[in-house]
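Visitor: One structure, as C-alpha cells, below. Some questions next.
FYI, it's all coordinate maths here, none of it is from the lab. Keep in mind that this is a model prediction, so the values were computed, not measured. Here the Cβ is made from the backbone with ideal geometry for all residues, glycine too, and neighbour counts use every protein chain on show.
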Amino acid sequence: MSAPQRFARVDWPVFLLALVLCGVGLLNVYSGTRVFSSSGIPLFYRQLVWILLGAGFFFFFSFLGPGVIEEMAWRIFIAVVALLLVVLLVGKVRGGAQRWLSLGFFNFQPSELAKIALVLVLGSFFSEMYNYGGIGLRDLMPAVAITLVPFLLVAMQPDLGTAGVFLLILAAMMVIACVRGKVFLLAGVMGAAAVPGLWFLMKDYQKQRVLTFLDPGRDPLGAGYHVIQSKIAVGSGGFLGKGYLHGTQGSLRFLPEQHTDFAFAVFSEEWGFVGSVVLLLLFLALVSRMAYLASRSQDRFASFACGGIASYFLAHILINIAMVCGLFPVVGIPLPFVSYGGSSMLTNMMALGILANLSRTRFTFPPAETRPLSV
Amino acid sequence: MRGRIRKREQDPWIVSRIRILQWIGLGLFLLLLGRLYWLQVVKYEYFRTLSENNRIRIRVVRAPRGVILDRRGVPIAETQGSFDLIATPVDIQDLAGGLRLLGEVVEFDPEEISGKIILEKKTNPFRGLTVARDLRFEQVSVIEFNRESLPGFSIMVEAKRSYPFGPEFAHILGYVGEASEQEIAAARGERLSMGDIVGKYGLEKTMGDVLRGVNGGRQVEVDAAGRDKRLVDEIAPRTGGTIQTTIDAELQKVAFQEMEKRAGSVIAMNPKTGDILAFVSTPAFDPNAFSRGIRKEEWTALVEDPRKPMQNKGLQGTYAPGSTVKPFLALTALEEGVMNPKATVFCGGSFRLGNRVFRCWKEKGHGTVDMYRAIVQSCDVYFYTLGSRLDPDRVASLERDAGLGVPTGVGLPGEKSGLVPDTAWKRVVMKDRWYAADSVLLGIGQGAIHVTPIGMLSGYAAIATGGEVMRPRLVSRVVRMDGTVEEFPPREQRKLPWKPENVEFIRHALAGVVNDYGTGGAARLPGIEVGGKTGTAQLVTVKGKMIKSEHLPYEIRDHAWFAGFAPVADPEICVIAMIEHGGHGGSAAAPVVKAVMQEYFRLKQVAGKGGGR
C-alpha cells in the first residue's frame, strides 16, 4: 500500500479533533506556566514535543497491519504488568506515591499505558466469549481477574484514582460486550453489600487512609484547598472569561498542578462559560466519533476495543472536569490532550492510533477461514 | 458512508449497548455543563469577589503530640498551648520592615525567616508559617497593639510540647523540633510539611510515628488587612498516640537530684522484667528550650560544654569498667573450673610479671585472700593472678553473654556497644598478638576494655537473676491514635547456662562487698541486704606514687562506678551509677546507688500501705 493510500484511510475527524484539543492544551500550558521560572526548556516547548511525538505514535499505530494489534494485545498487557511491578520496586517517589519510572529525560508513568493494555486484552477476551445469549457470570470471572492485576498493582502505588479507572473500563466494556443484564444487577448488589462489609472489617486507621484517598478534601491544607481555589478560578471566569493570559488565579500559582490535573481551571477562568462549553463540545464530538467508529465496525474485537477506548477517554474527561468543578474528589487523572504531560499525551495518541487502525477493519476482508464474519 | 449492507453486518445488540453508554456519557456531560453554569453564571459574583481579593487563607492547626506517661500514669511529656507568631506570605507588604519591627520584640533569625517567607511566597503563599514560638504575654500584647502596621503577621494559639519535669527526663524523652527538609523528604507517604514538629532525639524520635498526630486546618476568609473574617471550612487536628513508659517519675527525681551536680549516669532496672525504672544522664539539658525554638547561643553552649550535656552517657558513653568486671572474672574462673574459691593468693601490694610491676590499690597489700575476700576487698593482685590464669577469650565470651560490650537494644537512639577485647580482636583490629600483660590488666577492667553503663547494668542484672538476660524495656504500652493498643511484654534475650551454685557464690560475695567490711559499705541499707561492686577506672597512672584521686585535676580524675542489686536473696532492683571523674567508686558512686535503692523501697512500702485503700 502506498503512503498516500495509507493517509487517505486514516480517520481524519478523530485525529483533527485531537489536534484541535492539543492546540487548546498547548495555549493553556503556556498561560498556566508562563509565570513559572522553571529551569530548563519551558513546559510549552516540551508539550509541543510531546504533541509531535504523539502524532508519530498515532500514525505508527494506525498504519499497523490488520490483526496485528489483536495479536499483540496479550503481549502488551504482560509487558505493562511487568512495568507496573518494576515501578513498585524501583519507581520514583513523587508526592508520596511511587508512580513513575525515571527514563532520564522524562518520568514515565506506566499506569497510563496499562489502561490501554487493559482495553485491548478485555476486548480480545470478550470477543472470544461473546455469544448471543449474553456473557454470563462464569465467563465474566476471568475478565474480572485480568482487571484486578493492574488494579491491585496501581492501588499499591498508591494511586486509587487511576486504579478506579480500570474498574470503570471493565464496567464499560461489560456493557459493550453484552454481558447479561442480570450480571450487572448482581454486581451492583454485591458491590453495595461489599462496601459496608469491608468498612466494618477495616481498622480505624485504614478507614482514615481510605477516606483520605477517596476524599483528599479531608486534608484542607492540601487537596481541599486546591479545590476551593479551583472553584474560585472557574467561577470567577464568568460568562465570557477573563481573557487569554488574563487569568488571575492561575498567575498567582494557587495550584501546584495547574498545568496538569487542574489545567481545566486555568482554561475555564480565561475563557469563561462560553469557552468551557466549546471545549466540552469538542470533547463530546471526539467521544461520539469514537463511539460511532466502535458501533460501525463489524469485527467484534475492533468494536469492543474501540468502545473501550471511547470509554477510557470519556472517563478521563468527566472525572477531571468534575474534579476541577468540585464535584469529584481530587484524583490524579489528567484531562486528555489538554493537561501537560508526556506519558498521558503519548498514551492518548497511541490509543487514538489503535482506534483509527481498528476502525478500518470494515474495509478489509481477510480470508474466510481465519476470520469468519460474524452474522 | 453507511451503506445498507454494512449496516446489516453489524451486531445490533452491540450497537444498542454502545448507544446506552453514549446516553450515559451525554447525561454526565450535561451535568458538567449544569455545574459550570452554576459556578460561572449563577455564582459568578461570589467567586469574582473571592478571586479579586484572593481572600481565602489557610491556617494550619498543628496536631498535638501524644502524651508520654511514667509507669504510674504521670505525664512526663505533654502538650500546652503557646502563642506563636505566624506569617502569611501573600499578605505581607513590607517584609524587611515588618521583620525589623518584630525583631525589636521577638527573638528570631531574620535572615532565615525572610528566606523561608520568600520561598513560600512562590509555592504556598496562602499558608501561614511559624516565625517564633511560645511568645510571652507582653510580646503578644505589643504585637497585637501594632497589628495595623504589621500586615501579614498574626498571633495564633498553637500546640507546644512541654516537659513538666524539665531536664530530669532529657535523655529518655529527647526533644522535638521543626522537621528538616531531609525529614520531610524521607517521610514519603506520611504527611509531613514544613513547620511540622517531629521528635529529634530520645523516645520522641524513636516513637515518633506513634506520637505524631494528624494536622487539622481552617480555611478562613480574611479582610484586606489579612484578619480572619469568616470560617469557610475546618477540620480538627487529631492528637497523637499515648506511650506508657516503665520509668518511675519519683525514682527518676531522686536519681536526678543525686546526679545533678555531677557528670555521669544512673540507671535503675528491674532485673526480672528488664523494666527501666530510672535513667539519668547528667549534665542534662532542658527539652522545653527546644520546644519553644532553641536560640543559637543556647545551642552553642550545649554543644561546646566539655561535659557533653547532649550525650546520653548511659548508652553513648563508654568507660573502662575498672573493678566492676571482677565478679565476671571470678564467675569465669568458677564456670571453667580454673580456680577453687577456697584457694588463696598472697597480696603483698603488687604483682610482678617479668620485669613489670602491677600495683594493688592497697599499698600495704591485703595479705592472704581467697576469692570471697578478694571480691569483698576488691584485691587487685588476686585478680591480676586470675586474669593471667584465665583464657581471655572465655572471659570475653562470658562478659558479652552477660551484656557487656554489646548493645542492649533498649530502644533509644545512638546506643554504643563498647568493647570487650579478645585475642581475635587484638589480632584483626590491632594487628598484634595477645600479651600476658593484656590478661593481667583485663583482671581489673583496665586496658582496651570499655563498656556503657547500661551494658554493665545488664551484666549485673544477669548475675542478679542467675543468668536470665532480659532486654531492657522502656516502653510497656502504646495506645495509637486510632485506639489500637500495643503491649510490649518483657522479653528474655537469652538464658545463660551458669551453674546456680557459682552465681550464688558471686552474689554472696557481692553482698559481702556492701555488708562485710568491703569497699561498698556506703551502699548499705537498713533492713535490706544489698549486693554490689565498686569500680574505679583509672585514666592516668602517676609513676611510683599512690595519689588520691581527689587530689588530681578534674579532667584526669578516675571514673567512679558502682553496680548493685537488692535484695540479694531475690533481687528486684538493679542500679548502676557511673560518675565521670568522680574519684572512688566506693565513696562517690555507692552513695548514689544507695539513695536510689532507698527511694525504691520507700516507694514500694508506701504503695504497699496504700494498696489497702
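Visitor: Kindly put B:S149, B:S265 in sequence by how many other C-beta atoms sit within 10 Å of each C-beta, fewest to most. Please list the in-between numbers first.
Guide: Numbers: B:S149 12, B:S265 29.
Ascending number of Cβ neighbours within 10 Å: B:S149, B:S265.
Visitor: In what sequence do B:W561, A:W12 fall when counting other Cβ within 10 Å, fewest first?
Guide: On the way: B:W561 35, A:W12 12.
Listed from fewest to most nearby Cβ atoms, that is A:W12, B:W561.
Visitor: First select every other residue whose beta carbon is under 10 angstrom from the beta carbon of B:R491; then total the charges, Lys and Arg +1, Asp and Glu -1. Walk me through the numbers on the way to the answer.
Guide: Details: positive: B:R471, B:R473; negative: B:E492.
Once all neighbours under 10 Å are counted, the net charge is +1.
Visitor: Which ³J(HN,Hα) values, rounded to whole Hz and listed in residue order, are derived for the range B:361-378 from phi using the Karplus coefficients 6.51, -1.76 and 1.60 in 6.51 cos²θ - 1.76 cosθ + 1.60 with θ = phi - 60°, glycine and proline given as x?
Guide: For the range B:361-378, the Karplus curve yields 5, 9, 4, 7, x, 9, x, 7, 10, 9, 4, 4, 4, 4, 6, 4, 8, 6 Hz.
Visitor: Give the shape of the range B:466-528 as rounded, prolate or oblate, defined through the alpha-carbon gyration tensor: a ≥ b ≥ c are the square roots of its eigenvalues, a/c under 1.5 means rounded, and otherwise the shape is prolate if a/b is larger than b/c and oblate if not. Intermediate results must be reported in sequence, preceding the final value.
Guide: Details: a/c = 5.11, a/b = 2.00, b/c = 2.56.
The shape class here is oblate.
Visitor: Which of rounded, prolate, oblate describes the protein assembly as shown, given a ≥ b ≥ c as roots of the alpha-carbon gyration tensor eigenvalues and a/c under 1.5 marking rounded, otherwise prolate only if a/b is larger than b/c?
Guide: Numbers: a/c = 3.07, a/b = 2.07, b/c = 1.49.
Note, shape of the protein assembly as shown comes out prolate.
Visitor: Oh, and also: Any idea what the alpha-carbon Rg over 2.2 N^0.38 Å comes to for the range B:57-245? Display every interim value, and only then the final one.
Guide: Details: Rg = 17.2 Å, N = 189, 2.2 N^0.38 = 16.1 Å.
Working it through for the range B:57-245, the quotient is 1.07.
Visitor: Hey, what do the phi angles of the range B:436-452 turn into as Karplus ³J(HN,Hα) couplings, whole Hz, using 6.51/-1.76/1.60 and θ = phi - 60°, x for Gly and Pro?
Guide: Using θ = phi - 60°, the values come out as 4, 5, 4, 5, 4, 5, 4, x, 10, x, 10, x, 6, 5, 8, 9, 8 Hz.
Visitor: Name the shape class, rounded, prolate or oblate, that the alpha-carbon gyration tensor gives for chain B, where a ≥ b ≥ c are the square roots of its eigenvalues, rounded holds for a/c under 1.5, and otherwise prolate holds if a/b is larger than b/c and oblate otherwise.
Guide: On the way: a/c = 2.85, a/b = 2.09, b/c = 1.36.
Verdict is prolate for chain B.
Visitor: Beyond a 19 Å Cα-Cα separation, which of these cross-linked pairs lie in this structure: B:K160/B:K200; A:K242/B:K121; B:K253/B:K296; B:K308/B:K416? Numbers along the way, then the final one.
Guide: Numbers: B:K160/B:K200 15 Å; A:K242/B:K121 24 Å; B:K253/B:K296 29 Å; B:K308/B:K416 16 Å.
In this structure, A:K242/B:K121; B:K253/B:K296 lie more than 19 Å apart at Cα.
Visitor: As a check on your grasp of the helix formula, calculate [θ] at 222 nm for the protein assembly as shown: sum -39500 (n - 2.57) over DSSP H runs of n ≥ 4, divide by the residue count, round to the nearest 500. Intermediate values should be presented prior to the final figure.
Guide: Details: 36 runs with 476 residues, N = 988.
Roughly -15500 deg cm²/dmol at 222 nm, from the helical runs in the protein assembly as shown.
Visitor: In a shell of Cβ-Cβ distance under 14 Å around B:V406, excluding B:V406 itself, what net charge do Lys and Arg (+1) and Asp and Glu (-1) give?
Guide: 0
Visitor: Here is a follow-up. Would you calculate the separation in nanometres between label points at A:V278 and A:F7, each defined as 7 Å from the Cα along the Cα-to-beta-carbon direction?
Guide: Using points 7 Å along Cα→Cβ, the separation is 2.8 nm.
Visitor: Still on this structure, please answer the following. Counting other beta carbons within 10 Å of each residue's own, what order do A:S31, B:S458 fall into, fewest first? Provide the component values of the computation, followed by the final result.
Guide: Values: A:S31 24, B:S458 30.
Sorted ascending by nearby Cβ count, the order is A:S31, B:S458.
Visitor: For the range A:273-345 and the range B:436-484, write down the distance between their C-alpha centroids in whole Å.
Guide: If we compute the Cα centre of each part, the gap is 66 Å.
Visitor: Of all DSSP beta bridges in the range B:57-245, what percent run antiparallel (nearest 5)? Write down the numbers at each step before the final one.
Guide: Numbers: 30 of 33 bridges.
For the range B:57-245, the DSSP antiparallel bridge percentage is about 90.
Visitor: Please give the residues of the range B:293-332, grouped as numeric ranges, whose backbone N is less than 14 Å from a label point set 7 Å along the Cα-to-Cβ vector of B:L539.
Guide: Only B:306-308, B:318-320 pass the distance filter.
Visitor: Related question: Taking 0.36 nm per intervening residue step and subtracting the Cα-Cα distance, what contour gain separates B:R227 from B:Y46 on full extension?
Guide: Numbers: separation 181, 0.36 × 181 = 65.16 nm, distance 1.94 nm.
Roughly 63.2 nm would be gained on extension.
Visitor: If you take the Cα atoms of the range B:390-472, find Rg, then find the Kirkwood Rh from the mean of 1/r over all pairs, what is Rg/Rh?
Guide: Working: Rg = 13.3 Å, Rh = 13.3 Å.
With Rg and the Kirkwood Rh in hand, the quotient comes to 0.99.
Visitor: Now, a different point. Going Cα to Cα from B:K499, which aspartates and glutamates come in below 13 Å? Please leave out same-chain ones fewer than 8 positions away.
Guide: The qualifying aspartates and glutamates are B:E335, B:E336, B:E468.
Visitor: Take every DSSP beta bridge whose two residues both sit in the protein assembly as shown, then give the antiparallel share in percent to the nearest 5.
Guide: Working: 82 of 87 bridges.
Beta bridges within the protein assembly as shown, antiparallel portion: roughly 95 percent.
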